[in-house]
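The values are calculated or read from the model by the stated rules, or taken from the named source; none is laboratory data. Every value quoted in this text rests on a predicted model; they were computed, and no experiment measured them. Note: ideal-geometry Cβ built from the backbone for every residue, glycine included; neighbour counts use all protein chains shown.
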Amino acid sequence: MEIIKGFPSTMMDDYQLNVTQILEHAGKWYGEQEIVSRKKDNTIFRYNYGEAFRRVKRLASSLKKSLGVKVGDRVGVLEWNTHRFYELYFAVPATGAVMLELNPRLHPLQLAKIMNHSKVSLLFLNEDFIPLVESISNSVQVKKYVVISNDERTVRQETKLSYYNYETLIQEGDENYEIPMFDEKSACYAAYTTGTTGDPKGIYYSHRSIVLNTLVISRNLTIEDTFMQIVPMFHVNGWLGFMAATLVGAKLVLPGRYTANDPKPLVDLMINERVTVTAGVPEIFSSILNYLRSMEKKPIFVNSRILIGGSEPPLSLVIGLMEFGFQVGQGYGATETTPSVTGSVVKPKIKEKYSDKDMLDLLRKQGIPAFGIDIRVVDPVTGNDVPHDGKTVGEIWIRGPWIASSYYNDPRTIESFVGDGVDRWWRSGDLAVVDELGYIKIVDRIKDVIKSGGEWISTVDLENHLMTHPAVAEATVIGIPHPKWGERPLAFVVLRQGFEGKVSKEELLTYLGQRFAKWQLPDDIIFVKEIPKTSVGKFDKKVLREKYRDYFTGTK
């Protein structure tokens, strides 16, 4: 595509978009709006955007003066969803450095590899991660450490690391620090794919990409909302929910450390802080739903919205959340897309022709592309766009102002991107269909879809229908080598509490048979206590495929 230069404008087109401007705006004009952060001892820390902006300027000045951070340096962060992580999202770019979001759930050696690949010279770490960092300290190039702690005396007794204290840096910083304006094409954040296949791949996000994507996301929020940041802030920029909340001046709730096994702190915050908007993966909302159902006095969340991403939510989860008053929508994105690509939109024509059941199915689709995003759904064999018939499967290709054009210093760029310049597309590896109204639905990952006897079987559709059975808590399906058919489906099921031993695989296969052809059904169903998950909460099919690869060809 040729870029044609037209008649010159009279606008300030050289005025750069910088992420720090988002908090600066909130601090100046919505300074009294509250930020709530849950601490390690379950107590609540409260301050506001004005105070946060002043702390960020102090921290940025200390980063430059006391720690010698320079433009272009990479600064790693290992932290939970706290107000300190929030501050680092602005303080590090305010120096011209790049903040690297580190996932503490990765294997230590993988973390070390990421830090060395990005050449991290300074690392911020929550005190909880001191043993983790000590285990790899001799393997990384980090020169300086800053510990985030509520009790520095305890830390000094527990570590041999030489480190700076987070709060001390803020106290010693200059509140009048003037944040420079940086070229908007400069990197401000970096994140790595979770590495379910091979080593993680690095993405460096520009100021421009973050600001533009935040502007698009913020249309779903108002200053009257209260947004809770459930998505880990180390995962794809936390899906930029907290950034969008800041942009519009909404109240922001940061839940600190939490686990899917104990959703009580999240539910307590949702009730006590009157949360109206949040987002996350299906697994965390499944845990929240189970907890809500167990409560003696069941709350109703009026005008509360949930965005689910990461993978398609089971219909049973959507219906269950709606019973508690939630409005549920879907979204689609990836590390390579900053993250937003598509979202739930209900077109007027949908309301005219769809039944209530059809509307529920619509909510499970990934939706319509956001403005600025260009999407093709391409036949992997012919390279042609597939028809918008809701049936023909193709691979999603994406381009746009917040879509990656390469991986950082990684030869795998060649296999994942096609074209050049503005004609460059990221090949997502996701298989999808597009219906006649333009709604996109992911049917599987290329690496997960099963080809049996020359026919394709969607693992996603099988999984989601299994999880509509009242006895099933979790389910996943993988393709296993088969001597006759090439591959056959194998299902893994976790039963809900109280159903153990009361449901047979024959019953579940009969249930699936109401919707799927016989040849599409799993050849076997294995009941397990838990399904392995990746560091961001998705089912880890790689682990299952490796463990059960000989299930149909050898000894079970």
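Here are a few things to note about the model shown:
- Exactly one residue among G256, G249 is in contact with a Lys or Arg (Cβ under 8 Å, 6 or more places away or on another chain) and either within 20 Å of W80 (Cα to Cα) or not β-branched (V, I, T) (or both), and that residue is G256.
- Candidate set from the range 307-334 (those that are surrounded by fewer than 22 Cβ atoms within 10 Å (Cβ to Cβ) and β-branched (V, I, T)); member that is nearest to E463 (Cα to Cα): I319
- Restricted to helices (runs of 4 or more DSSP H) entirely inside the range 450-556, those with at least 2 residues that are surrounded by 17 or more Cβ atoms within 10 Å (Cβ to Cβ) and in contact with a Phe, Trp or Tyr (Cβ under 9 Å, 6 or more places away or on another chain) are 459-466.
- Within the range 250-282, being crowded, with 21+ Cβ neighbours inside 10 Å and assigned to a helix (DSSP H, G or I) holds for L266, L269, M270, P282.
- The lone exception for E178 - which of (1) modelled with pLDDT of 95 or more; (2) under 22 Å from L100 (Cβ atoms) it fails: (2)
- Checked against the criteria, I450 counts as touching a Gly at 6+ places or on another chain (Cβ under 8 Å) and free of Cβ contacts under 8 Å to residues at least 40 places away in the same chain.
- Qualifying residues in the range 13-44 (those that are within 23 Å of the chain's Cα centre (by Cα) and not in a loop (DSSP other than H, G, I, E, B)) - the one surrounded by the fewest Cβ atoms within 10 Å (Cβ to Cβ): V36
- Annotation note: of I396, I373, I368, I403, the sole residue that is among the hydrophobic types (A, V, I, L, M, F, W, C) and in contact with a helix residue (DSSP H, G or I) (Cβ under 7 Å, 6 or more places away or on another chain) is I403.
- Among the residues of the range 451-493, just one is touching a His at 6+ places or on another chain (Cβ under 8 Å) and modelled with pLDDT under 90, namely S452.
- Residues that are closer than 28 Å to G329 by Cβ number at least 3 in the following helices (runs of 4 or more DSSP H) confined to the range 136-249: 207-217, 241-248.
- Taking the criterion of being buried (at least 21 other Cβ atoms within 10 Å of the Cβ), under 20 Å from the mean Cα position of the chain (by Cα) and either over 19 Å from I375 (Cβ atoms) or without any contact (Cβ under 8 Å) to a residue 60 or more places away in the chain (or both), the only residue of the range 431-443 that qualifies is L431.
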